[in-house]
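What follows is a structure written as structure tokens; I'll ask about it next.
None of the figures in this text is laboratory data; all of them are computed from the coordinates on show. Given the structure is predicted, the values throughout are model-derived calculations rather than measurements. Cβ coordinates were reconstructed from backbone atoms using ideal geometry, including for glycine residues, and neighbour counts include every protein chain displayed.
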Amino acid sequence: MSSSTDWPLWEVFVRSRRGLSHTHAGSLHAPDAEMALRNARDLYTRRNEGVSIWVVPSTSITASSPDEKDPFFESAADKPYRHPTFYEIPEGVKHL
Amino acid sequence: MTATANAAALALGDDALVLSHRLGEWAGHAPVLEEDVALANIALDLLGQARVLLSLVGDEDELAYLREERAFRNLQLVEQPNGDFAHTIARQLYFSLYQRLLYAQLAVTDGEFAGLAAKAVKEVAYHQDHAEHWTERLGDGTAESHERMQRACDALWRFTGEMFQPIEGLDIDWQALEASWMEAVTAVLERATLTMPAGPRAGGWAAGAGRQGLHTESFGRMLAEMQHLHRSHPGASW
Amino acid sequence: MTAVTADTYEAVFEAAVAADERIEPRDWMPDAYRATLVRQMAQHAHSEIIGMQPEANWITRAPSLRRKAILMAKVQDEAGHGLYLYSAAETLGTSREELLDKLHTGRQRYSSIFNYPTLTWADVGAIGWLVDGAAITNQVPLCRCSYGPYARAMVRICKEESFHQRQGYELLLTLSQGTPAQHEMAQDAVNRWWWPSLMMFGPPDDESAHSVQSMAWKIKRHSNDELRQRFVDICVPQAEALGLALPDPDLRWNEQRGHHDFGAIDWAEFQDVLKGNGPCNEERITQRRLAHEEGAWVREAAVAYAAKHQAQHAKPGEATA
């Protein structure tokens, strides 16, 4: 019986206000996308926490695995020139 | 407010108060936790509406807790016991469609209720959406859910005629309201692969009865439960 | 996996916990850490949803519309908190269905406090003040727990729960300052809920089976006795302001310790309720199981509908972030 009554898991992303991106809020169960949106609205925005919601089936998310952590993220860490603090600017120069 | 406006506020307020109470009975009993949350949201919206409307007439608690059964002006539809989930959804479908159409009209009139109707209509749109989605899922789900949903739509059908008895003091085209309601119900039930109920939409007893203070037996028990604590401590504050 | 690799993983894990970093779902973690977390999060989630019952018991009898709205919102929050916690537990690969099944068959527990009955309206206030108060004392430190999803769920829950305790306190204050009958109702509720609330922190430290390891893993941040003492110290002045007595003749300020001393807790009662012999153990589980079983056809219908309509509902949403 249980498999015919189990609802799949969805990940919920909420845009808390205009100008911000959608942020992962948590997950929930729903039989389909439309119900997932509605459940997400009831569960994650009961206190006006959002202006827009995305729901994604949890199974559709591809995640980088921690084993690949180093090759994935370390190359970024050795590119300090991508960060503004890398550059020395003479004192008093503004708007940079 | 005029006496007519008071009577209208009571009719609308009692609808919301009583339905909110019935939905509150679901707390902890819903078929899935997500639905506990959803039904509570709807109940809270309705309770909010009831409090605004009753407060237009007098003290909200005196009106809710100290009136006798015959003084309530709600539709018999909203006082019907929850039954199974299909019954609750059928009741939600019939009432939320009615309330949305009614409040949408009230919102564009310039009467006493325009402001609160404009706010409430957004809430009610969500109640309607919830009811429609579930009607479709139960109607077009399994054989069992189809049968339960059909039974629920049929069973509550006889309480739907009463909704279109004019409420004095509201500037509403009731015939047009009824036609739009019928059209909307027909469309939803069709999408849900359900058959339009064929029975009478009002008996001699039901037509306009709730609005005149005539209710069904279960309503008295509902009020007994709702009012007993408040009435046991006359004059107390809570 | 070679032994060396396992050791390395373990070292990385230990270092992360030691540095107060968060462990995330896909990180390597010791099996026992995973099992303890699932057990703790499940028990916490179960407590939220079983905890709906004693309070929902009063929704239909709430004596004013304002109180009714507050109570419905609170019970709804509890359903929501249960969902956040099940969702956190699911990040470790245990489905909600599985956890619910364990609850329904008595293989996982919920907080024993909810096996006590709510006999009068004042019990709603006592639950808010004492039970939620004890829960908050327990939960606030968990916002810094080492497991990321649990900590994040707790942050959300603690934020939302701030109103729960206040509404209970306000409710009791109104009763305490109301008619003599209302005052008596409030005192009676506090008398019945005080000791069970103290039991909520769990057995004394020297008898607590899992405490030491859980503290090392930072999925528990303070000891049972430490939190219990903190709670008692917080409650004493609050009770005074309420004009209600705490039912403990041995309760008094200890200048030397800088804390309140309090009487012996009846741990036999605690064990008895834990074993299933509390006043409402049977009712609570039966209601939960019934709701689940009677709702099966609804959940099944939604699954069947989704299967039929999958193609139609697969429409594109918003294209970009």
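Pick from B:H29, B:H21, B:H87: which is most flexible by mean-square fluctuation in a GNM of chain B where alpha carbon atoms under 10 Å apart are linked?
B:H29
Okay, moving on. How large is the helix-only mean residue ellipticity at 222 nm for chain B, computed as the sum of -39500 (n - 2.57) over DSSP H runs with n ≥ 4, divided by its residue count, in deg cm²/dmol to the nearest 500?
On the way: 9 runs with 157 residues, N = 238.
The helix-only estimate for chain B comes to -22000 deg cm²/dmol at 222 nm.
Straight-line reach only, C-alpha to C-alpha below 15 angstrom: list the aspartates and glutamates that C:K218 could link to, leaving out same-chain residues fewer than 8 apart.
C:E14, C:D20, C:E21, C:E24
Just from its helices, what would the mean residue ellipticity at 222 nm be for chain C, if runs of 4 or more DSSP H residues each count -39500 (n - 2.57) and the sum is divided by every residue, rounded to the nearest 500 deg cm²/dmol?
-20500 deg cm²/dmol
Just to be sure I understand: with springs between alpha-carbon atoms less than 10 Å apart, which residue in B:Q80, B:Q150, B:Q175 has the highest mean-square fluctuation in the Gaussian network model of chain B?
Ranking B:Q80, B:Q150, B:Q175 by mean-square fluctuation puts B:Q175 first.
Which GluC sites (Glu not before Pro) from the stretch B:47-121 combine a DSSP loop assignment with at most 11 other Cβ atoms within 10 Å? Let's see the in-between values first.
Numbers: sites: B:E60, B:E62, B:E68, B:E69, B:E79, B:E112; in loops: B:E68, B:E112.
Answer by residue number: B:E68.
Counting other Cβ atoms within 10 Å of each Cβ, which GluC sites (Glu not before Pro) in the stretch B:132-215 have at most 16 and sit in a DSSP loop? Intermediate values should be presented prior to the final figure.
Values: sites: B:E132, B:E136, B:E144, B:E147, B:E162, B:E168, B:E178, B:E183, B:E190; in loops: B:E168.
The qualifying sites are B:E168.
Among C:140-152, A:42-54, what's the highest-first ranking by average C-beta atoms within 10 angstrom per residue?
Working: C:140-152: 20.5, A:42-54: 17.5.
By packing density, highest mean first, the sequence is C:140-152, A:42-54.
Using Cα pairs closer than 8 Å and at least 6 residues apart in sequence, work out the relative contact order for chain B, in percent. All intermediate terms of the calculation are to be shown ahead of the outcome.
Working: 318 pairs, mean separation 59.5, N = 238.
Computed over chain B, the figure is 25 percent.
I've got another one for you. Residues with amide H under 5 Å of C:Q108's amide H, sequence separation 5 or more or different chain, H placed in the peptide plane at 1.01 Å from N; which?
Counting only residues 5 or more places away or on other chains, the set is C:L103.
Starting from a Cα-only point model with no solvent, please compute log10 I(q)/I(0) by Debye for the protein assembly as shown at q = 0.06, 0.07, 0.11 1/Å.
For the protein assembly as shown at q = 0.06, 0.07, 0.11 Å⁻¹, log10 I(q)/I(0) is -0.39, -0.52, -1.18.
Given +1 on the Cβ of Lys and Arg, -1 on the Cβ of Asp and Glu, and no further charges, what dipole in debye does the stretch B:3-232 carry about its Cα centre, rounded to the nearest 20? Write down the numbers at each step before the final one.
Numbers: 18 positive and 34 negative charges, 59 e Å.
Here the stretch B:3-232 has a charge dipole of around 280 debye.
Could you check the spin-label model distance between B:T193 and C:A307? Points 7 Å from the Cα along Cα→Cβ, value in nm.
1.2 nm
I've got another one for you. In whole Hz, with x marking every Gly and Pro, tabulate ³J(HN,Hα) for the stretch A:40-46 from phi via Karplus 6.51 cos²θ - 1.76 cosθ + 1.60, θ = phi - 60°.
5, 4, 5, 7, 9, 10, 4
A follow-up question, please. Greater than 26 Å separation of Cα atoms is the criterion. Which listed pairs, C:K74/C:K275; B:K122/C:K74; C:K68/C:K159; C:K220/C:K275, meet it? Before the final figure, lay out each step's value.
Details: C:K74/C:K275 28 Å; B:K122/C:K74 23 Å; C:K68/C:K159 22 Å; C:K220/C:K275 24 Å.
Flagged as over cut-off: C:K74/C:K275.
For the stretch B:3-232, just the Cα atoms, rotate onto the principal axes and tell me the three extents in Å, largest first.
49, 41, 35
If the elastic network links every pair of Cα atoms under 10 Å, which of C:H309, C:H222, C:H210 fluctuates the most in the Gaussian network model of chain C?
Of the options given, C:H309 has the highest mean-square fluctuation.
Are there trypsin sites (Lys or Arg not before Pro) in the stretch C:9-110 that DSSP puts in a loop and that have at most 12 other Cβ atoms within 10 Å, and which ones? Provide the component values of the computation, followed by the final result.
Details: sites: C:R22, C:R26, C:R34, C:R39, C:R61, C:R66, C:R67, C:K68, C:K74, C:R96, C:K102, C:R107, C:R109; in loops: C:R22, C:R26, C:R107, C:R109.
Sparse-neighbourhood loop trypsin sites (Lys or Arg not before Pro): C:R107.
Next question, about the same structure. Considering every residue in B:85-95, what mean count of other chain Cβ atoms within 10 Å of its Cβ is obtained?
Values: counts 5, 3, 0, 0, 1, 0, 0, 0, 0, 0, 0.
Across B:85-95, the average partner-chain Cβ count within 10 Å equals 1.
For chain C, place one equal point scatterer on every Cα, skip the solvent, and apply the Debye formula. What is log10 of I(q)/I(0) at q = 0.07, 0.10, 0.11 Å⁻¹?
Computed log10 I(q)/I(0) values: -0.33, -0.66, -0.78.
I'd like the per residue volume of the convex hull spanned by the Cα atoms of the stretch C:74-202, given in cubic angstrom. Let's see the in-between values first.
Working: hull volume 13.8 nm³, N = 129.
Once divided by residue count, the hull of the stretch C:74-202 is 107 Å³.
Can you give the average number of partner chain beta-carbon atoms within 10 Å of each beta-carbon in peptide B:41-52, as a whole number? Mind showing how you got there, number by number?
On the way: counts 8, 1, 6, 7, 0, 0, 6, 2, 0, 3, 4, 0.
Shielding by partners across B:41-52 averages 3.
Right, something else. Relative contact order for the stretch B:35-131 using alpha-carbon pairs under 8 Å, separation at least 6, rounded to a whole percent?
Values: 52 pairs, mean separation 24.6, N = 97.
Value for the stretch B:35-131: 25 percent.
Okay, next question. Using unit Cβ charges (K, R positive; D, E negative) and no other charged atoms, how large, in debye to the nearest 20, is the dipole of the stretch B:1-113 about its Cα centre?
Magnitude of the dipole: close to 300 debye.
Additional query: Order the peptides B:71-77, B:194-200 from the highest to the lowest mean number of other Cβ atoms within 10 Å of their residues. If you can, show how the numbers build up before the last one.
Values: B:71-77: 22.3, B:194-200: 13.3.
Ranking the peptides B:71-77, B:194-200 by packing returns B:71-77, B:194-200.
Other chains' Cβ within 10 Å of C:78-88 residues: what's the mean?
On the way: counts 6, 13, 9, 0, 3, 12, 6, 1, 5, 10, 2.
So the per-residue partner count for this stretch is 6.
Right, here's the next one. Rounded to the nearest whole Å³, what is the per residue volume of the convex hull around the Cα atoms of the stretch B:154-238?
Working: hull volume 14.6 nm³, N = 85.
Normalising the Cα hull of the stretch B:154-238 by residue number yields 172 Å³.
Place +1 on the Cβ of every Lys and Arg and -1 on the Cβ of every Asp and Glu in chain C, take the dipole about the Cα centre, and give the residue among C:A153, C:L37, C:H259 whose Cα lies farthest towards its positive end.
Of the options given, the answer is C:A153.
With an 8 Å cut-off on Cα pairs and a minimum separation of 6 or more residues, tell me the relative contact order of chain C in percent.
Details: 345 pairs, mean separation 56.5, N = 321.
Contact order relative to length: 18 percent.
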